[in-house]
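First the structure, in the form of structure tokens, and then the observations on it.
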Amino acid sequence: MVMPTDSPDFGSRDDAIRCQTYSPVRKLDGLPHELFALYWRDVHGPLCARLPGLGFYVQHHFSRERRANLWPRPKGVRNIDVVLDGAVEIGFANNEDEAEFIGASPILFGDEVNIFGWDAAFRLPSGSRTFIDRQANGVPNGLDEMHRLHVYLHSDDTESLRQCATTYANLLSNQPCVRKLRLHAPEPFDNANPLPPSPVDHHVVDDMLTIAVIEVGFANALQAQTLFGSDAFKSAQQYVSAHIQALAAFLVTGVYTYVRDGKPTAAGLRGSRTAEIIEQIGAVNHLEPAVTDLFLRQR
């Protein structure tokens, strides 16, 4: 079933994010994946959500098991050989808020050694761009309701890559089966001055130094495969093959939102699983100010 093109577009809700970072992550070797995911969701996530200045914070958890047939690789384009377990978006309303967050972040970065074996923060001084967003829920917290992918594009030519990624994103977002498309086109990563300033490995391989990332969501995998067989997509692939050198795609299994519009969500205040239980029970009293203020107040 193709989603109707007249469904509401909620993309404007991201306009308040004026600058941000996009950070792919890999779990610590030897740490069971389930334990990693739980700690990231329920321990690290709420800790980050309490830091001042933060305007937007969402975790995208990736599947390690399902990697095949996620995105067709254009002719002549090699695979980006990297293992990822997820990605983080951290956004701010302005540079002053970002500076406030950075000043308070050592407590957060010190926690990374508990779960991350590698991460890298790619800076987007002008933020990311949402082309379309037909997902009504702006604060998803749980297993992904869409078939969502993060598609990584690499080229050694930064300007050519950005132009290609923008054109590609525009072509894809105009397809009726695409429910969400968000483009991250960060500054090139500098291995001599890696970010974030945490005590884990941040070294980025060559095919990841200059990247653009397209987050694209479909109603289901069938819709994605239908798009891949279309003439419009095949034409777009020919264009992309002339401008990029490497590509990788990752399937999102869960999306967890901790801060939106500068305010912690239920997951940000209480932890992702607790927020899920509150929603499943329908315990609306736990979302009232009299309760949420208890979790913001310092005794």
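The values are calculated or read from the model by the stated rules, or taken from the named source; none is laboratory data. Just so we're clear, the structure is a prediction, and the values are computed from it rather than from any experiment. In this analysis, Cβ positions are derived from the backbone assuming ideal geometry, glycine residues included, and neighbour counts consider all displayed protein chains.
Only one residue in Asp231, Asp293, Asp201 is under 24 Å from the mean Cα position of the chain (by Cα), of a type outside the set (Gly, Ala, Ser) and surrounded by fewer than 21 Cβ atoms within 10 Å (Cβ to Cβ), so which one is that?
After ruling out the rest, the residue left standing is Asp201.
Across the stretch 99-124, which residue is surrounded by the most Cβ atoms within 10 Å (Cβ to Cβ) among those that are more than 20 Å from His203 (Cα to Cα) and in contact (Cβ under 8 Å) with a residue 60 or more places away in the chain?
Ser105
Could you please tell me which pairs satisfy a Cβ distance under 7 Å, a separation of 6+ or placement on different chains, a first residue in the stretch 283-295 that is over 11 Å from Arg270 (Cα atoms), and a second residue that is among the β-branched types (Val, Ile, Thr) and assigned to a helix (DSSP H, G or I)?
Filtered contacts from the stretch 283-295: Asn285/Val291.
I'd like the full set of residues that are closer than 25 Å to Gly138 by Cα and within 16 Å of the chain's Cα centre (by Cα), limited to the stretch 19-43.
Hits for the stretch 19-43 are Cys19, Gln20, Thr21, Tyr22, Ser23, Pro24, Val25, Ala37, Trp40, Arg41.
With respect to the numbered conditions (1) modelled with pLDDT of 95 or more; (2) more than 20 Å from the chain's Cα centre (by Cα), which one is the sole condition not fulfilled by Gln238?
Evaluating Gln238 over (1) modelled with pLDDT of 95 or more; (2) more than 20 Å from the chain's Cα centre (by Cα) leaves (1) as the failure.
All but one of (1) farther than 30 Å from Ala266 by Cα; (2) acidic (Asp, Glu); (3) buried (at least 16 other Cβ atoms within 10 Å of the Cβ) hold for Glu187; which doesn't?
Result: Glu187 passes all but (3).
Please return the ranges of strands (runs of 3 or more DSSP E) entirely within the stretch 1-110 where 2 or more residues are out of contact with any Asp or Glu (no Cβ under 7 Å at 6 or more places or on another chain) and farther than 23 Å from Leu269 by Cα.
Hits in the stretch 1-110: none.
Pairs under 9 Å by beta carbon, first residue touching a residue at least 60 places away in the same chain (Cβ under 8 Å) and assigned to a helix (DSSP H, G or I) in the stretch 229-251, partner surrounded by fewer than 17 Cβ atoms within 10 Å (Cβ to Cβ) and among the aromatic types (Phe, Trp, Tyr), six or more apart or different chains?
Gln237/Phe228
Looking only at residues in the stretch 127-184 that are of a type in the set (S, T, N, Q), surrounded by fewer than 19 Cβ atoms within 10 Å (Cβ to Cβ) and within 18 Å of Tyr22 (Cβ to Cβ), which one is farthest from the chain's Cα centre (by Cα)?
Filtering first and then ranking leaves Thr158.
Taking only the stretch 57-76 into account, find how many residues are on the phi < 0 side of the Ramachandran plot and surrounded by fewer than 21 Cβ atoms within 10 Å (Cβ to Cβ).
Looking only at that region, the number is 12.
Scan the stretch 113-127 residue by residue and report those that are among the small types (Gly, Ala, Ser) and not in a strand (DSSP E or B).
Matches in the stretch 113-127: Ala120, Ala121, Ser126, Gly127.
With the structure loaded, tell me whether Leu222 is out of contact with any Leu (no Cβ under 8 Å at 6 or more places or on another chain) and either surrounded by fewer than 18 Cβ atoms within 10 Å (Cβ to Cβ) or among the hydrophobic types (A, V, I, L, M, F, W, C) (or both) or whether it fails that test.
Against the criterion (out of contact with any Leu (no Cβ under 8 Å at 6 or more places or on another chain) and either surrounded by fewer than 18 Cβ atoms within 10 Å (Cβ to Cβ) or among the hydrophobic types (A, V, I, L, M, F, W, C) (or both)), Leu222 qualifies.
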